[in-house]
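The values are calculated or read from the model by the stated rules, or taken from the named source; none is laboratory data. Note that this is a predicted model, so its numbers are computed, not measured. Cβ: placed from backbone, ideal geometry, glycine included. Neighbour counts: every protein chain shown.
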């Protein structure tokens, strides 16, 4: 799961990426950490202090940390809403690449219809806690 | 009980006469006020009556303490523990059953320490010794419990995102809040650690002062005071730890969801100007 705000744990980027596997008693090898960071465009960031990253970088670390758990389904809760436009677009592109590469199911929550059109195959609209529409994105968001 | 009442009888009669004189003086002042159109007759009469009744009641309780059995002493300490739990429980209204949590924590800290004090014969089981020393232990356990609860609550509610991130990454609930457990227990111990460090240099506590006034050996009074403060530290540590661990257990649902949140502002509260 990737949250709206990238909450990084105190410590280095590498320690953050290794957090999930460590909870299951597994050790993430240095090469695996580098591969994950390279995938999110942060190669060589292992020893950086997690508190000194920009919003976009922090969100990329957050995605790498989630991928380190090898999830079958990726849950994204407004992953770009706290980022500036450039960073948001970069993270969005990254998410799209990862989904296509890994053929991974992804559920993304967004208030941005344009973003939903760019990312999602199917869209579900929830209004006041009730499901009001569901179907292929190009049909559900046709009138917007 | 009868002996107690008989012994009290003569002094009570003298005391009531002296109280009557004090009341008469107060009534004289009320009449004087009335001459200047200051009407406090009713309020003064009620206050005097309440004051007299309350102080006689306190006197009776103290008389029972001095002559009562160990069972009465235990009941007094239990009542004190309950009252302390009521006070400490106000620190974490968001937690389910904060009163029970506080009671367990304070009772655990104070009962272990009082038991050790009795077992090592540091204090005797005489009620006149047990209750004052016990009340000091309970009061400090209450403060430690309240401080631990307050710190833990504040840390959790200000790190919700980080804790939920840890949970989402598969961490055990206890692991996600481990740093906050440590800081809460430490925060509850810190005032007592400082108290122990500054003992004798910065302050001479009441127990030692009282023993010196009553003619005890200064060295023994010092050692006894050290024992009491050390026991206060032990009681505080147990109370703070138990309170934090019980609070941690109640901070998550059975599905490992963080349920401890900052209290919603009271929407019916009167807005402050």
> Filtering the range A:47-56 down to residues that are surrounded by 16 or more Cβ atoms within 10 Å (Cβ to Cβ) and modelled with pLDDT of 90 or more, which residue is farthest from residue A:16 (Cα to Cα)?
Replying inline: A:53
>> For the range B:97-108, check the following and say yes or no: at least one residue is part of a loop (DSSP other than H, G, I, E, B), in the same structural domain as residue B:227 (by TED's automatic domain parsing), free of Cβ contacts under 8 Å to residues at least 24 places away in the same chain and in contact with a helix residue (DSSP H, G or I) (Cβ under 6 Å, 6 or more places away or on another chain).
In response: no
> Hey, among the residues in the range B:162-208 that are more than 14 Å from every other protein chain (Cβ to nearest Cβ), assigned to a helix (DSSP H, G or I) and more than 21 Å from the chain's Cα centre (by Cα), which one's surrounded by the fewest Cβ atoms within 10 Å (Cβ to Cβ)?
Replying inline: B:197
>> If the requirement is being in contact (Cβ under 8 Å) with a residue 12 or more places away in the chain, touching a strand residue (DSSP E or B) at 6+ places or on another chain (Cβ under 8 Å) and more than 14 Å from chain B (Cβ to nearest Cβ), which of these qualifies: A:59, A:46?
In response: A:46
> Just wondering, is there one or more residues in the range B:170-181 that are in contact with a strand residue (DSSP E or B) (Cβ under 7 Å, 6 or more places away or on another chain), within 17 Å of residue B:252 (Cβ to Cβ) and touching a residue at least 12 places away in the same chain (Cβ under 8 Å)?
Replying inline: yes
>> Please count how many residues of the range A:13-40 are surrounded by 17 or more Cβ atoms within 10 Å (Cβ to Cβ) and away from chain B (no Cβ under 12 Å).
In response: 10
>> Anything in the range A:1-12 that is at pLDDT below 90 and either surrounded by fewer than 18 Cβ atoms within 10 Å (Cβ to Cβ) or part of a loop (DSSP other than H, G, I, E, B) (or both)? List them, or say none.
In response: A:1, A:3, A:4, A:5, A:6
>> Any residue at all in the range B:136-150 that's in a loop (DSSP other than H, G, I, E, B) and farther than 24 Å from residue B:261 by Cβ?
In response: no
> Any idea which of (1) at pLDDT below 90; (2) on the phi < 0 side of the Ramachandran plot; (3) surrounded by fewer than 19 Cβ atoms within 10 Å (Cβ to Cβ); (4) not in a helix (DSSP H, G or I) is the one residue A:97 doesn't satisfy?
Replying inline: (4)
> Which of the residues belonging to the range B:30-55 are touching a helix residue (DSSP H, G or I) at 6+ places or on another chain (Cβ under 8 Å) and either surrounded by fewer than 12 Cβ atoms within 10 Å (Cβ to Cβ) or touching a residue at least 60 places away in the same chain (Cβ under 8 Å) (or both)?
Replying inline: B:39
>> For the structure I just gave you, tell me whether residue B:74 is without any contact (Cβ under 8 Å) to a residue 24 or more places away in the chain and within 30 Å of residue B:149 (Cβ to Cβ).
In response: yes
> Can you name the number of the only condition in (1) under 25 Å from residue B:153 (Cα atoms); (2) in contact (Cβ under 8 Å) with a residue 24 or more places away in the chain; (3) touching a helix residue (DSSP H, G or I) at 6+ places or on another chain (Cβ under 7 Å) that residue B:86 fails?
Replying inline: (2)
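Which ones in the range B:136-161 are without any contact (Cβ under 8 Å) to a residue 24 or more places away in the chain, surrounded by fewer than 18 Cβ atoms within 10 Å (Cβ to Cβ) and within 14 Å of chain A (Cβ to nearest Cβ)?
Within the range B:136-161, B:158, B:161 meet the criteria.
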> Can you tell me how many residues in the range A:62-94 are over 25 Å from residue A:10 (Cα atoms) and either within 14 Å of another protein chain (Cβ to nearest Cβ) or outside any helix (DSSP H, G or I) (or both)?
Replying inline: 2
